[in-house]
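One structure is given here, and the rest of the page talks about it.
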Amino acid sequence: MEHSKQTQFGSSDKKDAGTSSVVNGHCDGMVKRPAGGPSQPPAAESGSQRPVMESWREDRTRSVEDNEISLPSLAAAYTTILRGLGDDPQRQGLLKTPWRAATAMQFFTKGYQEKLIDVLNDAIFDEDHDEMVIVKDIDMFSMCEHHLVPIFGRVHIGYLPNKRVLGLSKLARIVEIYSRRLQVQERLTKQIAVAITEALQPTGVGVVIEATHMCMVMRGVQKMNSKTITSTMLGVFREDPKTRDEFLTLIRS
Amino acid sequence: MNGHCNVKVNDTVEEFHSNNSFSDLLIDSKKSVVHRKHETSRKKDEDQSRLPALEAAYTSILRELGEDTDRQGLLRTPLRAAKAMQFLTKGYHETIEDILNNAIFDEDHDEMVIVKNIDVFSLCEHHLVPFFGKVHIGYIPNKKVVGLSKLARIVEIFSRRLQVQERLTKQIAVGISEALQPKGVAVVIEASHMCMVMRGVQKMNSRTVTSAMLGVYLEDPKTREEFLTLSRSA
């Protein structure tokens, strides 16, 4: 009975997700749950030991085969763009540009093909460690979803393990999945934090991103030295100011 | 007169100035003002008329990449991206005559003039991805100096296009050469190419340096050295 109630709730939740806020495969920081799965608030607030697998069934919006299939139409679109800008797509330098640009764009959005569970590769280990772990200065490259122009910067991640630690490069790979998409910096920060939380159920996670937006530097206001900083603090990083302080100090040093 | 040519006023002014032997200058500027105005309005219209096709192309790109074009963040993205792209390639519409604005002055100066650390942003013509860096320009005037900001404006004309860094360097050097006929021009560009940093080899710290030396900078190694030293110093 309990289960059927949940199923109902779960499926209506999914319907909602379908019509409104399906964003980059993530619903406002909550993961799309398959019908029948329990619907819960962001994992950080619940300390339950439910199996992690369940919540990672995010649908990929793209596959490697899709890439091959969509390449010709992408290239055609880029040819139109070149013509529309007043350049000559037949000149030597631009002959293969539509194809190169299309492949480049697919690379810049390859995050849509990747799923958290694949990337983590089971690199979660039981370690009796409950001090802060920080990986900082992770180079990040993303695309602004409003202007389709690059964003680049650095990500600093810190977490307090709850008896389970993650392979360090997996933190960088998590950054890659979510940054190689059409993004908004605020959402990117949150998605990284939520993903780590779901993978590990740590005591707390902190993510800080410092980035330069080409849409502000190359066009528009044209402020060369501006940087945008966003952060997400979950769990004990949010509740305890001293922990947060320690994290912020360590990433600055 | 800000591009508003009230013919009557101009005639009167012309009469006055031709009596004072400024006629050459004035006729020139009158022609170029009219010419400029006409050109500007044509360019704006061109851009406007091409916008729908660009928008449609971007919408198709977003869909093919697997994104949902109806979600809030992407609703107006095709329009914004099309306008951004037009801005980033606005150099195609501009010519040196336009921007020089007659800012060439007779100065009895024949020592090197350097303007360095000019931020430059361009688009790689092979991948349509930005590359950006700094330009250092030096020239030795031949009795004619140019307004300093005009050097930066010349950089803008040629950089706001689909470019290859080698060609960009050369175009800037040749542009200055033709405008001023100086004794020599040197241009050095140091840039970071996103097509190498964000994709492909993914080398974050790589920089590409290209240079173009014309006139006395090409012939005399000492002059070249002086320029390179001065443009590098902090």
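List of remarks:
- Square roots of 5 times each gyration tensor eigenvalue, C-alpha, the range A:123-251, largest first, Å: 28, 15, 11
- With both labels modelled 7 Å from their Cα along Cα-to-Cβ, the B:GLN202 to A:ASP137 distance reads 1.8 nm.
- Under Karplus coefficients 6.51, -1.76 and 1.60, residue-wise ³J(HN,Hα) of the range A:179-185 in Hz, glycine/proline x: 7, 7, 8, 7, 10, 10, 4
- Couplings for the range A:112-119, taken from phi via the Karplus curve 6.51 cos²θ - 1.76 cosθ + 1.60 with θ = phi - 60°, read 5, 8, 9, 10, 4, 5, 5, 5 Hz in order; Gly and Pro are left as x.
- Nonlocal amide H pairs with A:ARG180, under 5 Å, H built at 1.01 Å: A:GLY111
- Computed with the Debye formula from one identical point scatterer per Cα of the range B:56-156, without solvent, the log10 of I(q)/I(0) at q = 0.19, 0.23 Å⁻¹ comes to -1.01, -1.22.
- Altogether, the Stokes-Einstein calculation at 4 °C and 1.567 mPa s, with the Kirkwood radius of the range A:61-112 over Cα pairs as Rh, returns a diffusion coefficient of 113 µm²/s.
- 3J(HN,Hα) from dihedral phi, the range B:110-124, Karplus parametrisation 6.51/-1.76/1.60, rounded to Hz, x for glycine, proline: 10, 9, 5, 10, 10, 10, 10, 6, 7, 5, 10, 10, 9, 10, 5
- Long pairs among B:LYS90/B:LYS150; B:LYS83/B:LYS150; B:LYS170/B:LYS203; A:LYS223/B:LYS116; A:LYS223/B:LYS144; A:LYS170/A:LYS227, criterion Cα-Cα beyond 21 Å: B:LYS83/B:LYS150; B:LYS170/B:LYS203; A:LYS223/B:LYS144; A:LYS170/A:LYS227
- Whole-Å distance, taken between Cα centres, linking the range A:176-253 and the range A:92-130: 19
- Between the amide H of B:VAL129 and those of B:CYS124, distances stay under 5 Å, these residues lying 5 or more places away or on another chain, with hydrogens modeled in the peptide plane.
- Projecting the Cα atoms of A:TYR112, A:PRO89, A:ALA76 onto the charge dipole of the range A:76-134 (Cβ charges, centred on the Cα centre) puts A:PRO89 farthest toward the positive pole.
- Amide H partners (placed H, <5 Å) of A:ARG164, local residues excluded: A:GLU127
- Projected area averaged over orientations for the range A:83-130, convex hull of C-alpha atoms, nm²: 6.4
- Hydrodynamic radius by Kirkwood, which averages 1/r over all alpha carbon pairs of the range B:104-234, in angstrom: 15.1
Quick note: the coordinates plus some simple rules give every number you see, no bench work behind them. Just so we're clear, the structure is a prediction, and the values are computed from it rather than from any experiment. When we count neighbours, we look across all protein chains shown, and the Cβ atoms used for this are built from the backbone with ideal geometry, even at glycine.
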